[in-house]
Each structure stands twice: as C-alpha cells, then as structure tokens.
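Encoded as structure tokens, the structure appears first; notes follow it.
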Amino acid sequence: MADIVEQIKKLSPLMDEASEIFQELATFFGDGSKIEVNQGDLAKFLGRKRLYRVIRLKGESYKDCVYQLVDDHPESMEALGMLRYYKAPAGRIQWEEIEKAEIAMGKELTTNAYGWMPDAWTLFEGGEQHELVAILAFDFGD
C-alpha cells in the first residue's frame, strides 16, 4: 500500500492525501483485490487538467448498482476515465453476478460514451450488501 501511495503522490503531487479520491485510488490499486489491476492505469487516470468524482452505490445486486449509475448519474457517461470496484457481501463471491453487471454496463452505454481510458474494474470482499464504487475522471478544460 505504501508503494501505491508514493506513486499517487508522484503522479499528482497537489492531490491531498486525505481526500476521498486519493483514498479511493489507494484502495483500488492497493492490496486485497480479488482481480489484479494494471498499475499503468493509474498514470492514465491521473492525466493533466482533470477533475475527479467518487460515486458510491448500494443495491440488491451488482447489476442494480450499474443501473443506478447509468440512470441516476448520467454525468458519468461524460467521464474520460472510470475505475470501479465492486464490494461483495459476506459469503461466496458470485462471479457470474459481477459478469452480468459488467455486461449490463456495456449494453447500457452507447459506443461513443463508452470510451473511458482507463476503464478498469476489480472486486473486494467485505461489503454490507452489493456495492459499486465508481472513481471518475473528467476533463477540466483549458
């Protein structure tokens, strides 16, 4: 975890370490995920002239969380990049349910909107219910 904190500081030296975005990036790229993430996505995500937002969703299923993201947060479709992680409730991880959610994500988004770079997801255990945390990067402009 210390290594990823140092990488974030190096790539985005003005980002406050106590900020929500810093903490969520440290979680996404840190230890404990069930799917290995590409560390190179961090540099792509922390590009120049970017604003960031974290959206937290809970639902009856992972797919429900995806529909909430699409329906209740249309601004997410304007993002330049999206990193997201699912939090599995206690018990056996239901991989097929996560696959359904990711398929729904692709079907709900138009080809033009679904051009996030990077676009990556992973999974952690320990949620209270099905959860989705989306970390978004937007263009700050000139």
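The values are calculated or read from the model by the stated rules, or taken from the named source; none is laboratory data. Note that the structure is predicted; figures quoted are calculated from it, not measured. For neighbour counting, all protein chains shown are included, and Cβ atoms are generated from backbone atoms with ideal geometry for every residue, glycine included. Ligands, DNA and RNA are excluded from the accessible area calculation, which covers all protein heavy atoms including side chains. Shrake-Rupley method; radii C 1.70, N 1.55, O 1.52, S 1.80 Å.
Only Cα pairs under 8 Å and 6+ residues apart enter the sum, and on that basis the relative contact order of the range 1-97 stands at 24 percent. Assign one of three labels to the range 32-113, namely rounded, prolate or oblate, based on the Cα gyration tensor with a ≥ b ≥ c the square roots of its eigenvalues; rounded applies when a/c is under 1.5, prolate when it is not and a/b is larger than b/c, and oblate otherwise. Oblate, because a/c is 1.5 or more while a/b does not exceed b/c. Averaged over its residues, the chain has an accessible area of 55 Å² per residue, based on protein heavy atoms and a 1.4 Å probe.
Rounded to the nearest whole Hz, the Karplus-based 3J(HN,Hα) values (6.51 cos²θ - 1.76 cosθ + 1.60, θ = phi - 60°) of the range 46-61 follow the sequence 8, x, 6, 6, 10, 10, 10, 8, 10, 10, 10, 10, 10, x, 6, 8, with x at glycine and proline. For ALA2, what charge total do you get from the other residues with a beta carbon under 15 Å from its beta carbon, if Lys and Arg give +1 and Asp and Glu give -1? Charge balance near ALA2 sits at -2. Of the accessible area of the range 1-113, computed with a 1.4 Å probe over protein heavy atoms only, carbon and sulfur atoms account for 48 percent.
Total lysine pairs in the chain at Cα distances under 25 Å, for residues eight or more apart or on different chains: 21.
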